[in-house]
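In what follows, a structure is listed as structure tokens, so that the remarks can point back to it.
Read the figures in this text as sums done on the coordinates, not as results from a lab. The structure presented is a predicted model; accordingly, all values stated were derived computationally and were not measured. Every residue, glycine as well, gets a Cβ built from its backbone with ideal geometry; the counts of neighbours run over all protein chains shown.
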Amino acid sequence: MSNITNLLSTSESDLKYFKAAGRVADQLNYNAYVIGGYVRDTLLNKNPSKDIDITVNKDYKHYAECLAKELKIKDVVFFEQFKTAKLLNDDTEFEIRSPYANLKAKVVPLPFYDPKKRIPIK
């Protein structure tokens, strides 16, 4: 597996989070991947957000609970409908998901928004 941690370690605290996420994945025999805006922003040499998205190949709830314990995070919120979990730390927010979370989520139609009228169209 390719490891791009050296590209993503923009700060000591972020590197600490990535190492903890990897340790937990190794202990559980899971695959874990950092995805989303943090990766995009870092690769574009922008200041990465403090929102780290991680996808795992197995039970996202168990991984989220174990990562929270590893990082001593008390606030974990599960979103059953979307098959995701949020870990809320003082300076960083983690979203843990199954790679199939979007496929399993119940599809909810969003209202169409017309910017010319500036009101939602139903």
Spelling it out for ASP51: with amide H atoms placed in the peptide plane at 1.01 Å from N, the residues 5 or more places away or on another chain with amide H under 5 Å from its amide H are GLU93
Mean Cβ neighbour count within 10 Å, used as a protection proxy, ranking 83-89, 43-49 highest first: 83-89, 43-49
For a protection proxy built on the mean count of beta-carbon atoms within 10 angstrom, sort 28-40, 53-65 highest first, please. 53-65, 28-40
Only Lys, Arg (+1) and Asp, Glu (-1) charged, at Cβ; the range 5-101 dipole about Cα centre in debye: 180 debye
Over all Cα pairs of the range 48-100, the Kirkwood radius sets Rh, and Rg/Rh then becomes 0.94
P(r) tail for the range 5-101, what percent of Cα pairs lie past 16 Å? 51 percent
More than 17 Å apart - percent of Cα-Cα pairs taken over the range 24-68: 38 percent
